[in-house]
Amino acid sequence: MTTPSENTSIVREMYEQVMTPNYAPMAILPERGQGCRLWDTDGKEYLDFTGGIAVSALGHAHPELIKALTDQANKFWHLSNFLINKPAIQLAKMLCESTFAERVFLANSGAEVNEAALKLARRYAIDKYGKNKIKILAFNNAFHGRTWFTVCVGGQPKYSERFGPKPGGISHRPFNDVMAVKKYFAEQDDKVCAVIVEPVQGEGGVMPATPEFVQTIRECCDAHNALMIFDEIQTGVGRSGKLYTYEKLAVIPDILTTAKALGGGFPISAMLTTEEIASSLVVGTHGSTFGGNPLACAVACKVLELINTPEMLSGVETKSHQMIEGLKAINQKHNVFADIRGVGLLLGCELKAHYQDRARDILTSCVRHGLLTLVAGPNVLRLAPPLIITEQEIAEGLKLLEAGIAEVVSGDSEFRDGTGPTVQIGYKNKNNQLCCGTRGVAGNDHNVLSYKMECLDCGEIYGANGTDVWQRKCPNCQGGKAGIRY
Ligand SMILES: Cc1ncc(COP(=O)(O)O)c(C=O)c1O
């Protein structure tokens, strides 16, 4: 197994010098991609079970997407919303024809359309029912983006604490708790303007909503004149085996947000709604410089054309079944997963208590074996491969996954000292030598844990909160042992 080359390490160091420290990316440096595979600058090949976090649904460098992009690039790139453009109108038409929607607002990221959806829900409710109808219900462990409104609606303290005063009127209740939803509505005196819910909580551990839960939300919203917002940013555009997951749950939302896979990797998002609700967005009430950008819309039209076919969507179900059966077989051998869940090609494997907090270790071990995976929190391994993945590639990926898991299961034995944020965690190799020490799990942002390392050769503590340094040599003694797991 290879370690990153000098060149990769230099680029990585530069990354740390010039970028804000809010991410903790893996140690590899990708150079190019094709289909479900990526190659790094050292020539090592990786099978991609991440799809860029449920974005690259058609894989890397899809020839038809390249053509759609370059054809439009040769016409014009940007006009602004003072002018209309054909790709944007075409995209909105395609979205309306294939969903409940009658009106579409186009933007650039998931957070931006959730922001638009929440603003619209408030505006519509105030227009129609008066200034007090502003309450918003969201759910524990939700994730709706990083703008101030959306991150507060998401509500997870690790993303929203220590940024100052929060917008008011937002409440959270346990996910999938039907009684909690009913009780909330009963208490609010018809002041609720919207409920926002993910059909599968993605960042929150790949947790599917039950049909009963979303149907209860629908009933309560109807009874109390509130809007139901479906955040399908991670689950949309075919990932569940339907174009949008609401189709599986026998409910129709009032507003739906979609992003990620919509552009197949080109930034674009859309908020879908009805004509009646959209009527509150009168001229000047909302907007976005790049929303409806012709390059993005031309690509998104092609993405929808390729994904919204019976063959592609039923293929997702077949592949999902293959993945789940393969994961079950791995689990029978290694006994690591407490639960395997999800929809379509968005799957989560929750680790057993014995492997608590080690999803990141499995991910890192898989990288060494040439497989890219994701985590959703410290205990859930998340898989979201491109929808075009083949049966052979799934079989190959599952073998690599098994090798990654086997290494973690058999290779290291863990020692721990202390609890909470100051916990010391280390691993012993097969020869019972300490081979890696970490002190304090510094962060659990998005899909990575970050470590502060203690060199086991000279005792130097290095790495910072928000950085992933475990594979790097000690800067003090250049010790080869620290951070390398055998
Ligand atoms: C369900 C959900 N909503 C919103 C977002 C935010 O999207 P973006 O990062 O494009 O702003 C994400 C991103 O992971 C998501 O999974």
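Every number in this text was worked out from the coordinates using simple rules, so none of it is lab data. Nothing here was measured: the structure is a model prediction, and the numbers come from that model. Every residue, glycine among them, receives a Cβ derived from its backbone with ideal geometry; neighbour counts consider all protein chains shown.
Here are some notes:
- Over segment 294-362, relative contact order from alpha-carbon pairs under 8 Å, at least 6 apart, %: 21 percent
- Separation of alpha-carbon centers, segment 33-97 and segment 174-250, rounded to whole Å: 29 Å
- Using the Cβ-Cβ distance between Ser314 and Trp39 with R0 = 45 Å, the FRET efficiency computed as 1/(1 + (r/R0)^6) comes to roughly 0.90.
- Between Lys128 and Ala406, the simple spin-label model (points 7 angstrom out along Cα→Cβ) gives 5.8 nm.
- Per-selection metrics, segment 319-403 (Cα): Rg and Dmax in Å: 11.6, 34
- Were the residues from Asp71 through His354 laid out at 0.36 nm apart, the gain over their Cα-Cα distance would be 96.6 nm.
- Computed from the C-beta positions of Glu31 and Val283 and an R0 of 60 Å, the FRET efficiency is 0.85 to the nearest 0.05.
- Kirkwood estimate for segment 149-257, i.e. one over the average of 1/r between Cα atoms, Å: 14.6 Å
- Binned Cα-Cα distances of segment 208-260, short to long, each 10 Å bin given as a whole percent: 26, 55, 18, 1
- Using the Cβ-Cβ distance between Leu83 and Asp222 with R0 = 35 Å, the FRET efficiency computed as 1/(1 + (r/R0)^6) comes to roughly 0.35.
- All alpha carbon pair distances within segment 76-307 were sorted into 5 Å bins beginning at 0; the resulting P(r) in whole percents reads 1, 7, 15, 20, 20, 17, 11, 6, 2, 0, 0.
- The GluC sites (Glu not before Pro) of segment 16-46 include none that meets both criteria, a DSSP state outside H, G, I, E and B (loop) and at most 13 other C-beta atoms within 10 angstrom of the site's C-beta.
- Projected onto planes of every orientation and averaged, the convex hull of the alpha-carbon atoms in segment 9-93 covers 8.5 nm².
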